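Accompanying notes for the structure given below.
The values are calculated or read from the model by the stated rules, or taken from the named source; none is laboratory data. Because the structure is a prediction, the values reported are computed rather than measured. Quick reminder, even Gly has a Cβ in these numbers, built from the backbone with ideal geometry, and neighbours come from all protein chains shown.
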Amino acid sequence: MEIILKQDIPNVGFTNDIVKVKDGYARNYLIPRGYAIIATPSAKKVLAENVRQKAHKAEKIRIDAENIGQALDGLQLRIAAKASTSGRIFGSVNAIQIAEALKEQHDIEIDRKKIFLDGESVKDLGTYQAKIRLHKEVESTVTFEVYAE
């Protein structure tokens, strides 16, 4: 029997795959639990349309992420921090402060969860780099300078 999977099933297939399985497995396990539906011609047409629309949306999201990534490449941020005379910061600079600096200095809003620092946090004055993962295929690097207030 041909079925359309609604979710990933180990050793059977992935979401939106049309696979052939034994009739009893489909009728007694996959379909009643909502893991699959029978692959009728109308269900196949609906699946094809849904896959096409998802691909179009995913491509648009990727293009938007690339545009933001190009705007971010080469940006210089300056982040003020209270520091001791030896150059150690009281506290640390983290992704939240980088996101705020991007918003204030360049009017670019990035979610703090997409910003990754080398190491855990910045605790000294100086110049550092942060990676911003905008999409699973798009990553950008921003340079920021931490200076004493």
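At a glance:
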item: Check on residue 52, surrounded by fewer than 13 Cβ atoms within 10 Å (Cβ to Cβ), modelled with pLDDT of 90 or more and assigned by TED's automatic domain parsing to the domain that holds residue 139; result: no
item: Candidates 115, 110, 98, filtered to the one that is more than 17 Å from the chain's Cα centre (by Cα) and farther than 30 Å from residue 3 by Cβ; result: 98
item: Any hit, segment 23-42, residues being loosely packed, with under 13 Cβ neighbours inside 10 Å, under 29 Å from the mean Cα position of the chain (by Cα), of a type outside the set (Val, Ile, Thr) and not assigned by TED's automatic domain parsing to the domain that holds residue 140; result: yes
item: Residues (among the small types (Gly, Ala, Ser) and touching a residue at least 60 places away in the same chain (Cβ under 8 Å)) located in segment 88-145; result: 140
item: Residue in segment 60-78 that is under 30 Å from residue 19 (Cβ atoms) and among the hydrophobic types (A, V, I, L, M, F, W, C) present; result: yes
item: Pairs where the first residue, in segment 12-23, is more than 12 Å from residue 1 (Cβ to Cβ) and the second is part of a helix (DSSP H, G or I) and basic (Lys, Arg), C-beta under 6 Å, 6+ apart; result: none
item: Hey, residue 38 closer than 30 Å to residue 140 by Cα, of a type outside the set (S, T, N, Q) and in contact with a strand residue (DSSP E or B) (Cβ under 7 Å, 6 or more places away or on another chain) or not; result: no
item: Filter result for residue 104 (at pLDDT 90 or above, closer than 30 Å to residue 5 by Cα and out of contact with any strand residue (DSSP E or B) (no Cβ under 7 Å at 6 or more places or on another chain)); result: no
item: Residue within segment 56-77 that is in the same structural domain as residue 131 (by TED's automatic domain parsing) and in contact with a helix residue (DSSP H, G or I) (Cβ under 7 Å, 6 or more places away or on another chain) present; result: yes
item: Pick from segment 118-147, criterion of a type in the set (Val, Ile, Thr) and surrounded by fewer than 17 Cβ atoms within 10 Å (Cβ to Cβ), ranking: nearest to the chain's Cα centre (by Cα); result: 141
